[in-house]
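Structure, as structure tokens:
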Amino acid sequence: MAKIAIFYGSTSGVTQGVATKIHELIGEEVCDIYSMEEDFMSVDEMLEYDYLLFGCSTWGSGEVQNDWRDPLFDMEMDKPDFTGKTVALFGAGDYVTHGEQFVSALGTLYDHFKKLGATLVGEFPTDGYTYEYSFAVRDSKFVGLPIDEVNESDKTDERIASWLEILKQYFPIASLETA
Ligand SMILES: Cc1cc2nc3c(=O)[nH]c(=O)nc-3n(C[C@H](O)[C@H](O)[C@H](O)COP(=O)(O)O)c2cc1C
């Protein structure tokens, strides 16, 4: 079984596109991919992996994408143990129309999995991003990779590549496939 898994929630397909791209770059033989809507059955699936990439776009006003809501609620009740799991976050947002809560869902996931014992990695510099506020910014860095396909689709590939370079320190992804 692959050591790494991506679990993503995506309403209009943007985070799904990013997840698919990351999956291709890491390599299908070492990384599994689950849609929170179609494939996710229980948190036990997540716990089978040591390295987890969670993708979640932001909706409402700073809220997590719909398919993450029930799983997060259930985990808050059941408190599964993520100790020893390495977790990195990514997700889509829109800094122009929703710059007051830009990619804030990543901050919610960060707090959630930290509380469950996971080791969160893959912070990303805020340089080059414009936003009023983000719950995903801690100590002047994003807690994961923000993607804005609405306004800055030209930066997506470069941002993914830079983020995966950062992740190499923490994830067994030494040799990335070429895009
Ligand atoms: C009603 C609505 C609310 C949104 N709220 C936010 C928000 O609070 N923060 C943000 O960064 N983006 C927000 N967005 C933008 C989406 O996150 C963005 O369109 C993203 O690309 C959707 O990704 P997905 O297709 O993976 O779900 C919102 C979009 C809509 C239509």
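When both bridge partners sit in the range 4-167, DSSP labels roughly 20% of those beta bridges antiparallel.
Determine the share of the range 1-143's accessible area contributed by carbon and sulfur atoms, expressed in whole percent, with a 1.4 angstrom probe. Working shown, then result.
Working: 3070 of 6690 Å².
Carbon plus sulfur share of accessible area: 46 percent.
For the range 4-167, the dipole from Cβ point charges (+1 on Lys and Arg, -1 on Asp and Glu) about the Cα centre works out to 540 debye, to the nearest 20.
Phi angles across the range 105-118 convert, under the Karplus curve 6.51 cos²θ - 1.76 cosθ + 1.60 with θ = phi - 60°, into 3J(HN,Hα) values of 4, 5, x, 5, 5, 4, 4, 4, 6, 5, 4, 8, x, 5 Hz, Gly and Pro given as x. Backbone geometry of the range 87-97 corresponds, through the Karplus equation with coefficients 6.51, -1.76 and 1.60 at θ = phi - 60°, to 3J(HN,Hα) couplings of 10, 10, 10, 8, x, 8, x, 9, 6, 7, 7 Hz, x marking Gly and Pro. Taking the centroid of alpha carbons for each part, the range 46-92 and the range 145-167 are 20 Å apart. Around the amide H of G9, modelled in the peptide plane, lie the amide H atoms of M36, G55, C56, S57, all under 5 Å away and 5 or more residues distant in sequence or on another chain.
Residues whose amide H lies under 5 Å from that of R138, counting only those 5 or more places away or on a different chain, are V143; hydrogens are built 1.01 Å from N in the peptide plane. When the chain is treated as a GNM with alpha-carbon contacts under 10 Å, the residue of G62, G107, G84 showing the greatest mean-square fluctuation is G84. In order along the range 26-42, the phi-based Karplus estimate (6.51 cos²θ - 1.76 cosθ + 1.60, θ = phi - 60°) of 3J(HN,Hα) comes to 6, x, 5, 6, 10, 9, 9, 9, 10, 7, 5, 7, 9, 10, 6, 10, 7 Hz; Gly and Pro are listed as x.
Once every DSSP H run of n ≥ 4 in the chain is given -39500 (n - 2.57) and the sum is divided by its residues, what mean residue ellipticity at 222 nm do you get, rounded to the nearest 500 deg cm²/dmol? Can you show the working numbers first?
Working: 5 runs with 54 residues, N = 179.
Value at 222 nm, helices only, nearest 500: -9000 deg cm²/dmol.
Can you pull the percent of Cα pairs in the range 16-124 with separation above 19 Å? Intermediate values should be presented prior to the final figure.
Numbers: 2624 of 5886 pairs.
For the range 16-124, the share of Cα pairs beyond 19 Å comes to 45 percent.
Name the most mobile residue of M77, M46, M36, meaning the one with the largest mean-square fluctuation, in a Gaussian network model of the chain with Cα contacts below 10 Å. Greatest mean-square fluctuation among the candidates belongs to M77. Largest GNM mean-square fluctuation across Q65, Q101, Q169, computed for the chain with C-alpha springs under 10 Å, falls on Q169. What the chain shows is 48 Å² of accessible area per residue, with the surface traced by a 1.4 Å probe over protein heavy atoms.
The values are calculated or read from the model by the stated rules, or taken from the named source; none is laboratory data. The shown structure was predicted, so the numbers you read here are calculated from the model rather than taken from an experiment. Methodologically, a virtual Cβ is constructed for each residue, glycine included, from the backbone with ideal geometry; neighbour enumeration extends over all protein chains shown. Areas reflect the complete protein model, heavy atoms only, side chains present, ligands, DNA and RNA absent. Shrake-Rupley method; radii C 1.70, N 1.55, O 1.52, S 1.80 Å.
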